[in-house]
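A.B. asks: Below is a structure I'd like to ask you about.
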Amino acid sequence: MVLFVTCHYIKSEVGVMELVEGTKIFNEEELKEAAQLLASGRLVAFPTETVYGLGGNALDTDAVKEIFKAKGRPADNPLIVHIARKKDINNLVKGEISKLAQRLIDKFWPGPLTLILPKAEEIPDITTGELKTVAVRMPSHPVALELIKDAQVPIAAPSANLSGRPSPTLAQHVIKDLAGRIAGIVDAGQTGIGIESTVLDLSQNIPTVLRPGGITYEELTEVIDGVRIDPAVKAKLERGSVKAISPGMKYKHYAPKADVILVEGKSTDVIYKIKQLMDLEDETKVGIMITSEASGYYKDEEVIIKVMGSRSNLKEVSSNIFKLLREFDQEGVNKIFVEGLPLTGLGLAIMNRLRKSAGYQIVEV
Ligand code: TXA
Ligand code: MG
């Protein structure tokens, strides 16, 4: 297999992490070294087509314990197990793979779809947060596939951020959050989709989207009937459904240090509302995260402006949002107003993440 992926491998000892100089073509030897670390129970972060993952041997209780510790993740939040060949799912789930599951695997793997199925005995309970089900995914990133293949074990990998922070889309984000806590990072530049996989629960009677992500609801409905979005997830996306909570009590997920306020409604109304809200701030350093269509309206404003991408290219938007939220932190911004988007296609996953980043501080116009 020829892989033209820019890939430098960053080694880290406790407290020290250095970037190997220069940019190399995908280096098989270094990747083997990283795989060796994984196989021996150490933690290595690696790129997937969605976000960087923090990998460890899914069958090794101690390695999985280390994952939870490195991230500061609550023990009851289960991990996704990553495989490099479709057939490897058979070792992870109990019983036969249903026709429904097989249809989804044939259509969407490798890719950003995670399937929840009854778990095989061999998987330690710690990996699945004591649940009787397991989340399985086959990523499509060539570096991830090669690394998992070389490690020869299934790889548990949550997003490689500290719990509560935006997911990492660059190796630098992983360094910022996890340097000194993990054995290494495989760096292959920016990840493509930029938000995580869709999590689809097939262990219930009705296939249920627990987390919207890289594969859209519309794409799923083209392949299987009767799929629904988890009512709790859906409710939180409906207009008027969530009350703003006070900033001090902010819900921490995908959250930058700054206070995020999401402004939703008709795009022209949103533009003017954001202007109005910005103008009310005088003591704070303000940033705005908007679409390219809206950017012309803010030309003369004295705020930090970041463009997420175009309304007509939501893939561009999804690839940028976590990176931009982290940039605002770097620049010392303490309040960010964000333009809301429609809930169709990738918009559903994008708005799910943005609403969480905002701790549900939402202004509707
Ligand atoms: O794109 C992705 O999925 C990335 C990359 C690295 O693959 N991974 C990722 O992992 O986002 P994490 O741990 O940040 O999110 C996993 C999600 C969590 O919401 C978790 O609760 C859910 O999947 N999950 C995992 N196992 C589950 C299970 N057995 N039942 C229900 N939900 C589960
Ligand atoms: Mg995560």
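The values are calculated or read from the model by the stated rules, or taken from the named source; none is laboratory data. What you are looking at is a predicted structure, and each value in this text was computed from that prediction instead of being measured. Quick reminder, even Gly has a Cβ in these numbers, built from the backbone with ideal geometry, and neighbours come from all protein chains shown.
One line per residue, one yes/no per condition, for (1) touching a helix residue (DSSP H, G or I) at 6+ places or on another chain (Cβ under 6 Å); (2) modelled with pLDDT of 80 or more; (3) farther than 26 Å from VAL136 by Cβ; (4) surrounded by 16 or more Cβ atoms within 10 Å (Cβ to Cβ):
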site	(1), (2), (3), (4)
HIS8	no, no, yes, yes
GLU13	no, no, yes, no
PHE26	no, no, no, yes
PHE46	yes, yes, no, yes
GLU49	no, yes, no, yes
GLY56	yes, yes, no, yes
LYS69	no, yes, no, no
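A.B. asks: Now, a different point. Do we find a residue being among the aromatic types (Phe, Trp, Tyr), assigned to a helix (DSSP H, G or I), under 21 Å from the mean Cα position of the chain (by Cα) and at pLDDT 95 or above anywhere in the range 100-122?
C.D. replies: Within the range 100-122 (the criterion being among the aromatic types (Phe, Trp, Tyr), assigned to a helix (DSSP H, G or I), under 21 Å from the mean Cα position of the chain (by Cα) and at pLDDT 95 or above), the answer is yes, since at least one residue qualifies.
A.B. asks: Let me ask you something else. Regarding ILE215, is this residue touching a helix residue (DSSP H, G or I) at 6+ places or on another chain (Cβ under 6 Å), hydrophobic (A, V, I, L, M, F, W, C) and closer than 30 Å to ILE116 by Cβ?
C.D. replies: Yes.
A.B. asks: While we're looking at this one, here's another question. Do you know which residues across the range 36-57 are in a loop (DSSP other than H, G, I, E, B) and either basic (Lys, Arg) or within 11 Å of ligand 1 (Cβ to nearest atom) (or both)?
C.D. replies: The answer is ARG42, PRO47, THR48, GLU49, THR50, VAL51, TYR52.
A.B. asks: Here's a follow-up. Could you run through the range 283-318 and say how many residues are farther than 18 Å from ARG355 by Cα and β-branched (Val, Ile, Thr)?
C.D. replies: Residues in the range 283-318 being farther than 18 Å from ARG355 by Cα and β-branched (Val, Ile, Thr): 5 in total.
A.B. asks: Separate question: Which of the following residues is at pLDDT 95 or above, closer than 28 Å to LYS234 by Cβ and more than 10 Å from ligand 1 (Cβ to nearest atom): PRO168, PRO154, PRO212, PRO158?
C.D. replies: Details: PRO168 fails: more than 10 Å from ligand 1 (Cβ to nearest atom); PRO154 fails: closer than 28 Å to LYS234 by Cβ; PRO158 fails: more than 10 Å from ligand 1 (Cβ to nearest atom).
Matching residue, one of PRO168, PRO154, PRO212, PRO158: PRO212.
A.B. asks: Between a first residue in the range 113-130 that is without any contact (Cβ under 8 Å) to a residue 60 or more places away in the chain and a second residue that is crowded, with 16+ Cβ neighbours inside 10 Å and among the charged types (D, E, K, R), which pairs have beta carbons less than 8 Å apart while being 6 or more apart in sequence or on different chains?
C.D. replies: THR128/LYS119
A.B. asks: In the range 182-197, which residues are within 14 Å of ligand 1 (Cβ to nearest atom) and not in a loop (DSSP other than H, G, I, E, B)?
C.D. replies: ILE185, VAL186
A.B. asks: Just give me the residues in the range 146-178 being outside any loop (DSSP other than H, G, I, E, B), over 18 Å from LEU38 (Cα atoms) and within 16 Å of ligand 2 (Cβ to nearest atom), in sequence order.
C.D. replies: The answer is HIS173, LYS176, ASP177.
A.B. asks: Then there is this: Out of all the residues in the range 58-95, which are farther than 20 Å from SER197 by Cβ, outside any helix (DSSP H, G or I) and away from ligand 2 (no atom under 16 Å from the Cβ)?
C.D. replies: The answer is LEU59, ASP60, LYS94, GLY95.
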